[in-house]
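The values are calculated or read from the model by the stated rules, or taken from the named source; none is laboratory data. Here the structure is a predicted model, which is why all the values come from computation and not from measurement. So basically every Cβ, Gly included, is an ideal-geometry build from the backbone, and we count neighbours across all protein chains shown.
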Amino acid sequence: MRVVRWFGVGHSGVENARSAGNEAADRALVADDPKLLVVFAADRYDPTELLAGIRERAAGVPLIGCTTAGEFSRAGPGDNSVVIMALGGDGLSIATAAGTEATLRQSSEVVARAAEAVADRPHRVLFLLTDGLAGDQQEVVRGAYGIVGAAMPLVGGCAGDDLHMHQTKQFFGDTVLTNAVVGAAIGSDGPIGIGVHHGWRRVGEPMVVTASGTNTVLALDDEPALDVYLRGLNAPPEAAKDSEAFTHFALTHPLGLQRRSGEEVRFVSGANFETRSLTFVANVPQGGLTWFMEGDADSVLSATDAACADALAQLGGEPPRGIVAFDCIARRGVLGEGIDDEVARIGARTGDAAIAGFYTYGEIARTVGTRGFHNQTLVVLALA
């Protein structure tokens with residue numbers, strides 16, 4: 001019997017990792033012929049036990065996933081849970097791969113070659129999950145683009161570790177990886193849409209990045225970058241000496257970066273109190289123009305509406321069957337207890353579609369041009 005395209009989402013917050021894997025997989029597998037499982041899991045779980053629990057319910061089904069800084073489904077957001085999206089049925093062709101090469105670009109190239117194994121279908125997307133602490137995440141986009149070119153859009157997110165900023169994990173089949181890129185090339189008979197919006201506003205005057213290194217800004221307007229950042233944003237005293245307090249403050253105070261294609265946002269992931277420098281998850285080029293940014297609940301939720309609208313508009317009038325959202329942990333910091341409102345808005349705008357998502361350390365969305373790495377942004381993938 002022919003099984004049409006389907007998307008299911010399962011969620012579990014039980015304490016035991018294997019039991020959580022069992023429960024979430026049972027809820028996600030809503031029909032026969034599963035072709036892919038995508039797993040978003042809290043860092044607290046033993047990943048080997050979690051995957052073992054999932055495999056007890058779905059042995060042999062291709063699987064990709066990662067740890068997060070929070071997870072959500074249509075039921076709402078969570079911190080200590082696992083969310084699984086299952087894709088299956090007729091009209092889908094999927095190939096998965098993992099890259100553990102010496103550089104992020106090389107790892108991304110390995111994953112992008114999975115597209116060669118996908119049957120020719122009218123709509124395609126390359127879905128990428130990457131280690132958010134492994135280096136310049138723009139290299140992931142560059143590597144994938146170098147293989148699939150402009151004809152195949154890229155979408156995905158950077159794994160988290162509940163803001164410990166120590167180590168994230170990626171999942172591929174039964175294997176737990178670090179410093180890796182995992183992904184799935186998806187071919188579909190149904191349309192695919194991608195929406196991207198951030199909701200941040202400029203604050204103050206622009207500054208020049210007068211000294212920078214890989215993922216590090218050393219000086220802004222010829223002054224130590226950390227000093228300029230703390231002074232310009234009137235940061236609390238504890239942020240100037242305590243790394244945890246700094247990370248908490250920086251979550252809601254990104255930098256904007258001028259690009260030829262428009263404005264990009266950069267998450268300030270840490271500070272070096274000895275060198276007085278700022279750390280990022282992607283390169284901020286020396287000589288670039290930058291500025292402080294801020295947002296509030298209204299601006300962030302307006303961006304949520306816009307990202308959903310853009311993704312749905314690309315479906316040609318067909319209703320979405322599945323939604324995957326990659327939401328920066330910093331946007332969650334702005335919303336606070338209002339994060340329920342954001343998930344509810346996504347649900348209200350996407351009908352009866354299954355919804356899975358996680359709070360990220362960075363987002364990937366390339367639909368035009370060669371750039372496609374984002375920070376402190378919401379990326380919505382809609383699958384009809």
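List of remarks:
Rundown of residues vs (1) more than 23 Å from Gln376 (Cβ to Cβ); (2) touching a residue at least 60 places away in the same chain (Cβ under 8 Å); (3) in a loop (DSSP other than H, G, I, E, B), yes/no style:
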| residue | (1), (2), (3) |
| --- | --- |
| Tyr145 | no, yes, no |
| Val148 | yes, no, no |
| Gly156 | no, yes, no |
| Asp161 | no, yes, yes |
| His164 | no, yes, yes |
| Thr168 | no, yes, yes |
| Ala184 | yes, yes, no |
| Ile194 | no, yes, no |
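- In the stretch 117-142, the qualifying residues are those that are in contact (Cβ under 8 Å) with a residue 40 or more places away in the chain and in a helix (DSSP H, G or I), and the one that is surrounded by the most Cβ atoms within 10 Å (Cβ to Cβ) is Val140.
So that you can scan it fast, the table gives a plain yes or no per residue for (1) closer than 22 Å to His248 by Cα; (2) aromatic (Phe, Trp, Tyr); (3) modelled with pLDDT under 95; (4) assigned to a helix (DSSP H, G or I):
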residue: Ala309; (1), (2), (3), (4): no, no, no, yes
residue: Glu318; (1), (2), (3), (4): no, no, no, no
residue: Gly336; (1), (2), (3), (4): yes, no, yes, yes
residue: Asp340; (1), (2), (3), (4): yes, no, yes, yes
residue: Tyr359; (1), (2), (3), (4): yes, yes, no, no
residue: Val380; (1), (2), (3), (4): no, no, no, no
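- Single residue of the stretch 342-357 satisfying the filter (part of a helix (DSSP H, G or I) and out of contact with any Phe, Trp or Tyr (no Cβ under 8 Å at 6 or more places or on another chain)) that is surrounded by the fewest Cβ atoms within 10 Å (Cβ to Cβ): Ala348
- Which numbered condition Glu101 fails, given (1) in contact with a strand residue (DSSP E or B) (Cβ under 9 Å, 6 or more places away or on another chain); (2) in a loop (DSSP other than H, G, I, E, B); (3) of a type in the set (D, E, K, R); (4) in contact (Cβ under 8 Å) with a residue 40 or more places away in the chain: (4)
- Test result for Val368, among the aliphatic types (A, V, I, L, M) and assigned to a loop (DSSP other than H, G, I, E, B): yes
- Test for Arg74: is it basic (Lys, Arg) and either buried (at least 20 other Cβ atoms within 10 Å of the Cβ) or within 21 Å of Thr175 (Cβ to Cβ) (or both): no
- Unmet requirement for Thr48, which otherwise passes all of (1) assigned to a helix (DSSP H, G or I); (2) of a type outside the set (Gly, Ala, Ser); (3) crowded, with 18+ Cβ neighbours inside 10 Å: (3)
- Qualifying residue in the stretch 361-369 (condition: surrounded by fewer than 14 Cβ atoms within 10 Å (Cβ to Cβ), more than 29 Å from Asn179 (Cα to Cα) and not aromatic (Phe, Trp, Tyr)): no
- In the stretch 292-307, residue nearest to the chain's Cα centre (by Cα) [restricted to those that are part of a strand (DSSP E or B) and crowded, with 18+ Cβ neighbours inside 10 Å]: Met293
- Filter result for Phe358 (in the same structural domain as Asp79 (by TED's automatic domain parsing), in contact (Cβ under 8 Å) with a residue 24 or more places away in the chain and within 30 Å of Thr214 (Cβ to Cβ)): yes
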